[in-house]
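Heads up, the thing below is written out as structure tokens.
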Amino acid sequence: KKIEGVLKEGEFEHREPRTQRVTILLSDIRGFSAIAETYSATTVIEILNRYFSVMTQVIVDNHGTIDKLMGDSMMVLFGAPHSEEDDVERAIACAVGMQQAMSEFNEQNIALGLPALYIGIGINTGEVVSGSIASPYHSSYTVIGDQVSLASRIEAQTLRGQILISEDTYKLARDFVLVGKPNRVQVK
């Protein structure tokens with residue numbers, strides 16, 4: 001189903017928890033704290049709104065599910081709430097598309113007298129628990145588990161303009177992706 005249809009049908013609301021394999025994409029703007037300290041809050045929000053508009057279009061084009069926007073970061077799911085055979089391929093294509101979209105975004109920023117932005121993207125695939133987290137005042141559909149934490153740790157290792165994928169994601173993608181030399185990182 002298309003994301004719009006799922007949202008219209010309210011399929012995210014009150015979903016029972018279930019275990020499923022998901023590919024998690026986490027992205028973050030590198031050095032954004034320094035930018036936020038340099039520009040007014042209004043300008044920072046304008047930058048973020050333009051940035052998220054560009055990035056969310058790339059995500060929707062690749063049929064990803066936007067889980068959350070967190071400051072200058074975002075978490076995107078491929079395989080939740082519905083999984084497809086090409087979840088990993090679409091996640092990687094989305095990450096590449098996001099990095100490519102930064103060139104045009106930065107041209108616009110420079111034309112507006114604003115700084116260029118650079119993102120790092122981490123991708124991990126694994127078993128998570130998906131479902132609704134709710135209170136009487138707020139609810140949201142999300143995924144939780146060690147694989148989400150691992151995706152976060154991988155993203156934290158990225159440099160600007162870089163995409164890092166986990167070993168598990170690579171095993172599923174090795175037939176259609178070219179990668180550089182593996183990074184060996186010990187994570188908590």
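Figures for the structure shown
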| read-out | value |
| --- | --- |
| Accessible-area composition of the range 92-188, carbon plus sulfur, in percent [1.4 Å probe] | 52 percent |
| Stretchable slack from Asp86 to Asp146, in nm (0.36 nm times residue separation minus alpha-carbon distance) | 19.4 nm |
| Calculated [θ] (222 nm, deg cm²/dmol) that DSSP helices of n ≥ 4 give over the chain, each run adding -39,500 (n - 2.57) | -13000 deg cm²/dmol |
| The range 56-188: relative contact order as a whole-number percent, Cα under 8 Å and 6+ apart | 21 percent |
| Charge dipole (debye, nearest 20) of the range 43-188; +1 at Cβ of Lys and Arg, -1 at Cβ of Asp and Glu | 520 debye |
| The range 21-88: GluC sites (Glu not before Pro) in DSSP loop, at most 11 other beta carbons within 10 Å | Glu84, Glu85 |
| Solvent-accessible area per residue, Å², over the chain with all protein chains present [probe radius 1.4 Å] | 57 Å² |
| Distant-in-sequence amide H partners of Arg30 (H built 1.01 Å from N, under 5 Å) | Tyr118, Ile119, Gly120 |
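The values are calculated or read from the model by the stated rules, or taken from the named source; none is laboratory data. Computed from a predicted structure; not experimentally measured. FYI the Cβ positions are ideal-geometry reconstructions off the backbone, even for glycines, and counts take in every protein chain you see. These area figures cover heavy atoms from the full protein model, side chains too; ligands, DNA and RNA do not enter into them. Shrake-Rupley method; radii C 1.70, N 1.55, O 1.52, S 1.80 Å.
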